[in-house]
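Working notes for the structure below.
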Amino acid sequence: MENQQTGKISIDEMDPTFLFIWKGTRPKDKNPAEYKSHDYLEVAYVFSGEGKYRIEDRIYTVQEGDLVIINPGVRHQALCCPEVEMPSTEFFVGFSDIRITGCPDNFLPLPGGQHVLHTSGELRQRLLKICSAMEAENAVRRQGRYFMLKAYLVQMLLLIIREQCEPMERPTGCAFESANKKYVVEQVVNYIEDHYSEKISLDQIAENMYLSPFYISRIFKSETGNAPIRHLINIRLEKARELLENGYQGSIQEVAARVGYDDAYHFSKLFKKRYGITPSQARRSG
């Protein structure tokens, strides 16, 4: 495998042998499995609730949307969690026969040698749909069931690998990288301009662009010097100041709401920190 810090993972073979799926809810009052390892790959997607895993003598807490990657030979055990309100419901897929450059056979790498991948936004929704589709396909047992399950598995694996990679550059020379970054920044700026009055987050921006939040944040900051959320705050405050200076007669609470803030006190603090005056003073000066 190429250095993960370069954002590249090379796939030698993506023709997995599908072995099994299983979905279940962990009991709260007992450890449901022994501490063990196996010779195949296993991926668990947490549908709902919370749980804990002991993996190579480290304890991991998992919750809805998390992926647990168990590579061959890795010792693991699901642990009881009597303290949680809702035990985890998990969807397991077992498989073998994948090869990634620089890794042992049947090994799926994660950043920093971790075993749990936290997902959000578009990735979480797509994984949920794939797992649900696999569950439904397995239940009806129609002709070609094995190949449908295998096709869904390939999609899942590619999504996991892509999440760790930056979009691939087109073979048009170094100019494309700069153009691609500028396009990402332009799309983020346009999205914020169109939605600043709504409750938006970096995950929502990333989901809208089909890119990872980490990638968007890094590119935006490298090109503009600001994080996307800082740019959102600046746009909101600029719009609020325009309202106030142009004679808008609504209350400060209404001004805050019109630029995306529920909390007028928090809005006023941000406004004063940015402009050195309160929203009320900005109205009078206008």
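The values are calculated or read from the model by the stated rules, or taken from the named source; none is laboratory data. Nothing here was measured: the structure is a model prediction, and the numbers come from that model. Cβ placement follows ideal geometry from the backbone for every residue including glycine, while neighbour counts extend to all protein chains displayed. Ligands, DNA and RNA are stripped out before the accessible areas are found, and what is left, the full protein with its side chains, is counted by its heavy atoms. Shrake-Rupley method; radii C 1.70, N 1.55, O 1.52, S 1.80 Å.
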Single unsatisfied condition, K182 versus (1) at pLDDT below 85; (2) surrounded by 14 or more Cβ atoms within 10 Å (Cβ to Cβ); (3) of a type in the set (D, E, K, R); (4) closer than 30 Å to L117 by Cα = (2)
Residue selected from the stretch 138-156 under the condition modelled with pLDDT under 90 and not polar (S, T, N, Q), by the criterion most open to solvent (accessible area, probe 1.4 Å) | R142
For the stretch 109-130, indicate whether the set of residues that are over 30 Å from I200 (Cβ atoms), touching a residue at least 24 places away in the same chain (Cβ under 8 Å) and open to solvent by 60 Å² or more (accessible area, probe 1.4 Å) is non-empty.
-> no
How do the pairs read when you match residues in the stretch 223-244 that are closer than 10 Å to I192 by Cα with residues anywhere that are open to solvent by 40 Å² or more (accessible area, probe 1.4 Å) and part of a loop (DSSP other than H, G, I, E, B), using Cβ under 9 Å and keeping only pairs 6 or more apart or on different chains?
-> I229/S201; L232/Y196; I235/Y196; R236/Y196; R236/S197
Qualifying helices (runs of 4 or more DSSP H) (wholly inside the stretch 209-286; at least 2 residues being of a type in the set (G, A, S)) | 213-224, 252-258, 264-275, 279-285
Could you tell me which numbered condition R218 fails, if it satisfies all but one of (1) touching a helix residue (DSSP H, G or I) at 6+ places or on another chain (Cβ under 9 Å); (2) surrounded by 14 or more Cβ atoms within 10 Å (Cβ to Cβ)?
-> (1)
Of the criteria (1) open to solvent by 50 Å² or more (accessible area, probe 1.4 Å); (2) more than 16 Å from the chain's Cα centre (by Cα), which one F92 fails | (1)
